[in-house]
């Protein structure tokens, strides 16, 4: 059992776990010998591998619950809580009431965060930005979003989203996993588990975070697989020469050495299978398979040099700078073309407790043009109809000032009671504004949309009944929406 594994004489007696441990991170670039050219693995970029999927590529759903309107999702997550009152939810009454006290009958005793809950005064603060109606739909949008305004008729703006969480960590976790508590699978992991992948050469679930941004920390559990098999967790792409960590061959590993290790691992695995199957090793082997294929596919997918100049102009100057929000939006389109199922972009910095005027202006300069360009680019390529684009954060901002109100120099606290998101494509009704808040922008007046309803609707558009995609763990069947959630039929095209 202690003999060394050398060349093609590798011992099949060495325990597999010991062999895997000995190879270490180098195995991140390996795949089993017979997996080097699996059926469908050589699909061209953008080609769907459906009917002849390998077992590792197929999801648990043998057939969809509903006809799918979307094949993929791009979620543009704005971490920190964008102010709906300064972007999408026009409230003229706040202009009149600026500086006056938030009425008790509007607050209704609702809890506040510790940052403003101890204030002796809660002065109402109107937006310092002008609003106008845009497109045939007449959607009200802030002057901060001129590019988004240009695609207003492609958007479904939901003004009545609400959440249970009032602080960042639980709120972001709630949007991404359906619960405020860590440890559950993320949306992308559920979709990978249920639907599998449409391209054997790429992950089903990819995550990108705008580089060099401050703000609330983003933890990897937000794109984790929870209790689902680990192969369903999101793969984070980074800027730089190695978009995926540990994917490149380690120093000292050449083609012959890699072949010897693959042969030894294959024989050990086949020997073990005659006695007992080990799901953990099966999952790890499938990851090595994908890692090998990604060595060839990732460089091609992330190389933006073949994009024409007018595309960079459309997405904005930052699109030429890898890791920026604009570059990530452009890369998201390329990954969508290549069959990636769920693409999650995170952009931090929307947490304007103070200095809102300058802070939110800067955030919009970084995101507005590229977000609109993505919608326009997908539509031009005929992809918007089966790609669902979602834009939004974890909660909204208060209609009152946090701290002392000094003209238009103020900040807003967290507000979970109502906030705005938008969706485009993928079976959502375009040119629509759904839901309404009260004249103060504090409570929902009609058509509330809880976070679980957003998740249920997203899954429905992909052909999944959110109540039927479950996983049994610790004696209970779990699902993304827990025991909640209703599809928002009114926004479906």
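The values are calculated or read from the model by the stated rules, or taken from the named source; none is laboratory data. Predicted model only: the values in this text are computed from it and were never measured. As a convention, Cβ positions derive from the backbone with ideal geometry for all residues, glycine included, and neighbour counts pool all protein chains shown.
Given the criterion surrounded by 23 or more Cβ atoms within 10 Å (Cβ to Cβ), in contact with a helix residue (DSSP H, G or I) (Cβ under 6 Å, 6 or more places away or on another chain), modelled with pLDDT of 95 or more and farther than 21 Å from residue 371 by Cα, identify the matching residue among 163, 177.
163
Any idea which of (1) within 16 Å of the chain's Cα centre (by Cα); (2) over 28 Å from residue 299 (Cα atoms); (3) not in a loop (DSSP other than H, G, I, E, B) is the one residue 193 doesn't satisfy?
Single failed check for residue 193: (2).
Check residue 198 against each of (1) under 16 Å from the mean Cα position of the chain (by Cα); (2) modelled with pLDDT under 95 and name the one condition it does not meet.
All conditions pass for residue 198, except number (1).
Residues checked against (1) part of a helix (DSSP H, G or I); (2) within 29 Å of residue 168 (Cβ to Cβ); (3) under 22 Å from the mean Cα position of the chain (by Cα):
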{"site": "218", "(1), (2), (3)": "no, yes, yes"}
{"site": "226", "(1), (2), (3)": "no, yes, yes"}
{"site": "239", "(1), (2), (3)": "no, yes, yes"}
{"site": "242", "(1), (2), (3)": "no, no, yes"}
{"site": "245", "(1), (2), (3)": "no, yes, yes"}
{"site": "249", "(1), (2), (3)": "no, no, no"}
{"site": "252", "(1), (2), (3)": "no, no, no"}
{"site": "265", "(1), (2), (3)": "yes, no, no"}
{"site": "270", "(1), (2), (3)": "yes, no, no"}
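Give me the pairs: first residue in region 337-360 and on the phi < 0 side of the Ramachandran plot and touching a residue at least 12 places away in the same chain (Cβ under 8 Å), second residue surrounded by fewer than 20 Cβ atoms within 10 Å (Cβ to Cβ) and not in a loop (DSSP other than H, G, I, E, B), beta-carbon distance under 6 Å, and six or more apart or on different chains, which are they?
These pairs meet every condition: 352/359.
Conditions (1) surrounded by fewer than 17 Cβ atoms within 10 Å (Cβ to Cβ); (2) more than 19 Å from the chain's Cα centre (by Cα); (3) outside any helix (DSSP H, G or I); (4) free of Cβ contacts under 8 Å to residues at least 12 places away in the same chain, marked per residue:
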| site | (1), (2), (3), (4) |
| --- | --- |
| 440 | no, yes, yes, no |
| 453 | no, no, no, no |
| 460 | no, no, no, no |
| 468 | yes, yes, yes, no |
| 480 | no, no, yes, no |
| 483 | yes, yes, yes, yes |
| 486 | yes, yes, yes, no |
| 490 | yes, yes, no, no |
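Among the residues of region 352-396 satisfying the criterion of being assigned to a loop (DSSP other than H, G, I, E, B) and out of contact with any helix residue (DSSP H, G or I) (no Cβ under 7 Å at 6 or more places or on another chain), which is surrounded by the fewest Cβ atoms within 10 Å (Cβ to Cβ)?
382
Mind checking which residues of region 403-436 are more than 22 Å from residue 487 (Cβ to Cβ) and assigned to a strand (DSSP E or B)?
403, 404, 405, 406, 409, 410, 411, 414, 415
Can you name every residue in region 143-168 that is closer than 19 Å to residue 352 by Cα and either free of Cβ contacts under 8 Å to residues at least 24 places away in the same chain or assigned to a helix (DSSP H, G or I) (or both)?
143, 168 - these are the residues of region 143-168 that are closer than 19 Å to residue 352 by Cα and either free of Cβ contacts under 8 Å to residues at least 24 places away in the same chain or assigned to a helix (DSSP H, G or I) (or both).
Which residues, counting only those in region 272-290, are touching a helix residue (DSSP H, G or I) at 6+ places or on another chain (Cβ under 7 Å) and either at pLDDT 75 or above or not in a helix (DSSP H, G or I) (or both)?
If the condition is that a residue be touching a helix residue (DSSP H, G or I) at 6+ places or on another chain (Cβ under 7 Å) and either at pLDDT 75 or above or not in a helix (DSSP H, G or I) (or both), then 272, 278 are the ones that fit.
Taking into account only those residues within region 133-142 that are part of a strand (DSSP E or B) and out of contact with any helix residue (DSSP H, G or I) (no Cβ under 8 Å at 6 or more places or on another chain), which is nearest to residue 417 (Cα to Cα)?
From region 133-142, those part of a strand (DSSP E or B) are 133-134, 139-142; that's our starting set.
With out of contact with any helix residue (DSSP H, G or I) (no Cβ under 8 Å at 6 or more places or on another chain) added as a condition, the list becomes 133, 140.
Details: 133: 25, 140: 20 Å.
The residue in question is 140.
For residue 222, indicate whether it is crowded, with 18+ Cβ neighbours inside 10 Å, in a helix (DSSP H, G or I) and touching a residue at least 40 places away in the same chain (Cβ under 8 Å). I'd like the intermediate steps shown before the answer.
Values: crowded, with 18+ Cβ neighbours inside 10 Å: yes; in a helix (DSSP H, G or I): yes; touching a residue at least 40 places away in the same chain (Cβ under 8 Å): yes.
For residue 222, the condition - crowded, with 18+ Cβ neighbours inside 10 Å, in a helix (DSSP H, G or I) and touching a residue at least 40 places away in the same chain (Cβ under 8 Å) - is met.
Looking at region 292-312, which of its residues are within 17 Å of residue 381 (Cβ to Cβ) and exposed (fewer than 12 other Cβ atoms within 10 Å of the Cβ)? Can you show your working first?
Residues of region 292-312 within 17 Å of residue 381 (Cβ to Cβ): 301, 304, 306-308, 310-312.
Once the filter is applied, which keeps residues that are within 17 Å of residue 381 (Cβ to Cβ) and exposed (fewer than 12 other Cβ atoms within 10 Å of the Cβ), region 292-312 yields 306, 308, 310.
Being modelled with pLDDT of 95 or more, out of contact with any helix residue (DSSP H, G or I) (no Cβ under 9 Å at 6 or more places or on another chain) and either more than 22 Å from residue 367 (Cβ to Cβ) or crowded, with 22+ Cβ neighbours inside 10 Å (or both) is the requirement here; does residue 205 meet it?
Considered against the rule, which asks whether it is modelled with pLDDT of 95 or more, out of contact with any helix residue (DSSP H, G or I) (no Cβ under 9 Å at 6 or more places or on another chain) and either more than 22 Å from residue 367 (Cβ to Cβ) or crowded, with 22+ Cβ neighbours inside 10 Å (or both), residue 205 comes out as no.
Which condition number in (1) closer than 20 Å to residue 464 by Cβ; (2) buried (at least 24 other Cβ atoms within 10 Å of the Cβ) is the one that residue 198 fails?
(2)
Across region 53-107, which residue is surrounded by the most Cβ atoms within 10 Å (Cβ to Cβ) among those that are outside any helix (DSSP H, G or I) and without any contact (Cβ under 8 Å) to a residue 12 or more places away in the chain?
Once the filter is applied, the top-ranked residue is 55.
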